[in-house]
Amino acid sequence: MTETLAGRGGRIKAYCIGTGVFGRPESFDPQKDPIVRIEAARLRRDLEHYYLTDGADDPVIIDIPKGGYVPRFLPRAAGRTAEAPNAAVPGAAWTLAPWGAGGRRALAGLSLLLLGLLAFGVFTAAQRQVPPRAALMTPGLLVKPLADLSHSGDSAVFAQGLTERIIERTARFKELAVIPGGSGNAQVPTSVARYEFGGTLRESGSQLVVQARLADRMDGRVIWADSFNVPPQPQQLFGVELRVADEIAARIAGPSGIVFEAESRQLRDAPPDSMNAYLCTLSAYAYRVTSSALKFPDVRACLERAVAEHADYATAWALLSLVDIDEHRFRFAPPQAAAPAPLERAYDAARRATELDPDNVRAQQALMMVLFFRKDFDAAIDVGKRALALNPNDVELKGEYGYRLALAGNWTEGCSLVQAARNSSARQAAYLTTALSLCRFYAGDVPGAASLIMQADAEDNPAYHIMAAAILAEAGNMDEAARHREWLKNNTPREMDQLLVDLPQRLARPADQAKFINALRKAGFTVS
């Protein structure tokens, strides 16, 4: 802001912000590291919220147009809402005199707000006690600085750097509102940040040891704790810092993390119609563990209500898209006759989610899935690759992108990602185990594929039964193959024929399709 008021707005570039504010090295590439775009998008949303709430009467609106990072200073016309006027007024031309003390306080407060958001991605406690996204949609995580118990030069630098990396890495998960816990935010209320991450760094022999913990601030319970060893060589600290931060972020954040597990416990006995928008997203993640046909109608209806009430909630739009994709790929009967077709609805919802938040990984995942089921395999893989670059620690995305990559014909790399996701999380065990069984099938390990498919627990999903029947028949286990075939006849007789046509078409390569069709025929299915 100071640069703009001084007429030096041209200096405000992604590279300068990345290196000057976020401490990135001179090799920083804004195209590969999205931190500036992520924080700018969050800043834009929080400014919009501010001008609709605490700043509703401010005489001046500060706006950061998309596509750049230079703020504009805009007069609020009488009776106007926080929507930006059509023409910007040059910031350097403004003075504070015409607005009196109230106006000066407003601009001063917003100056601190902008600086704090650019530096940390959230409102400081001095400016706003309630980060709007945390209050409205997502649980808050207070990340406190790691306490340096060794008080050596290297340990102090490492403690500070690791804390900043943990904040950055956890903030990539849009299912969480991350709040830096410096001295100014020490008293953030539990209604804003229910969870608190903290820990210590100490010397132990020839190495440093990071003791990390996650606590529920409602009752002080420690719900997760672990330790990480750091080699003493200073030249290795940066790489270790990244590795430890990535591991911590993956363990505590996202739909496979400790916070999600703790939040999910609250809704195990809650019917979907009693949930608010955030609980609807938790319900959707829980449904995605098995993609159960029995849970599908309630989850979809809940998500529809969520986006109706909160039209700017990108994650809810993304999950609605993924649920609509399930209706298409699993031939789930919709709760009522719906038009347009489910894949068209899924595409519209995915586009809406990506427009609201281009850096939302779940939105990009939904777009990837829609493109894949439209048989635009190359475009789907490109989207998935970009999404994984946004957040390599997102286990759900890693597994889904890996599966799409495998089905598109890159079995080696794709199956490696699926295996890594399966090793990192048990939440989607049934789905990823089924995917791994297909990996074994196409690798020529039919006994291994049969063993894995029998371990998967997805009894409510018709596509699972078709895959199980095909793989078990190929392995010569005709009794079990017949059991899965009978389940389909008894439970989904109308959907079965279409699924038999659809499933092979999800494989990009004709040779892979032919192999699967041959196994279906061995299982006793008639496939044209």
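The values are calculated or read from the model by the stated rules, or taken from the named source; none is laboratory data. Everything numeric in this text was worked out from a predicted model, so none of it was measured. Note: ideal-geometry Cβ built from the backbone for every residue, glycine included; neighbour counts use all protein chains shown. We work out accessible area using only protein heavy atoms, side chains counted, and drop any ligands, DNA or RNA first. Shrake-Rupley method; radii C 1.70, N 1.55, O 1.52, S 1.80 Å.
Descriptive notes on the structure:
- Residue in segment 157-207 that is modelled with the lowest pLDDT, counting only those that are within 27 Å of Ser264 (Cβ to Cβ) and aromatic (Phe, Trp, Tyr): Phe173
- Any hit, segment 374-388, residues being open to solvent by 10 Å² or more (accessible area, probe 1.4 Å) and closer than 17 Å to Ala253 by Cα: yes
- Residues located in segment 479-513, provided they are without any contact (Cβ under 8 Å) to a residue 40 or more places away in the chain and under 23 Å from Met369 (Cα atoms): Met496, Asp497, Leu500, Val501, Pro504, Pro510, Ala511, Gln513
- In segment 470-479, residue surrounded by the most Cβ atoms within 10 Å (Cβ to Cβ) [restricted to those that are closer than 22 Å to Ala514 by Cα and out of contact with any Asp or Glu (no Cβ under 8 Å at 6 or more places or on another chain)]: Ala470
- Note on segment 26-41: residues that are within 11 Å of Ala14 (Cα to Cα), at pLDDT below 70 and either in a loop (DSSP other than H, G, I, E, B) or among the polar types (S, T, N, Q) (or both) total 2.
- Qualifying residues in segment 120-156 (those that are of a type in the set (D, E, K, R) and either at pLDDT 70 or above or surrounded by fewer than 18 Cβ atoms within 10 Å (Cβ to Cβ) (or both)) - the one farthest from Asn229 (Cα to Cα): Lys144
- When Gly444 is tested against (1) part of a loop (DSSP other than H, G, I, E, B); (2) more than 17 Å from Phe516 (Cβ to Cβ); (3) of a type outside the set (Val, Ile, Thr), only condition (2) is not met.
- Candidate set: segment 193-203, residues that are more than 17 Å from Ala249 (Cβ to Cβ) and touching a Ser or Thr at 6+ places or on another chain (Cβ under 9 Å); chosen: the one least open to solvent (accessible area, probe 1.4 Å): Leu201
- Segment 397-439 - residue that is assigned to a loop (DSSP other than H, G, I, E, B) and among the aliphatic types (A, V, I, L, M) and, of those, modelled with the lowest pLDDT: Ala426
- Meets criteria (under 16 Å from the mean Cα position of the chain (by Cα) and either surrounded by fewer than 23 Cβ atoms within 10 Å (Cβ to Cβ) or not in a helix (DSSP H, G or I) (or both)) for Pro392: yes
- Residue within segment 360-367 that is open to solvent by 10 Å² or more (accessible area, probe 1.4 Å) and either modelled with pLDDT under 90 or closer than 30 Å to Pro510 by Cβ (or both) present: yes
- Hey, Asp382 charged (D, E, K, R) and either free of Cβ contacts under 8 Å to residues at least 12 places away in the same chain or touching a His at 6+ places or on another chain (Cβ under 8 Å) (or both) or not: yes
- Residues in segment 480-528 that are charged (D, E, K, R) and assigned to a loop (DSSP other than H, G, I, E, B): Arg506, Arg509.
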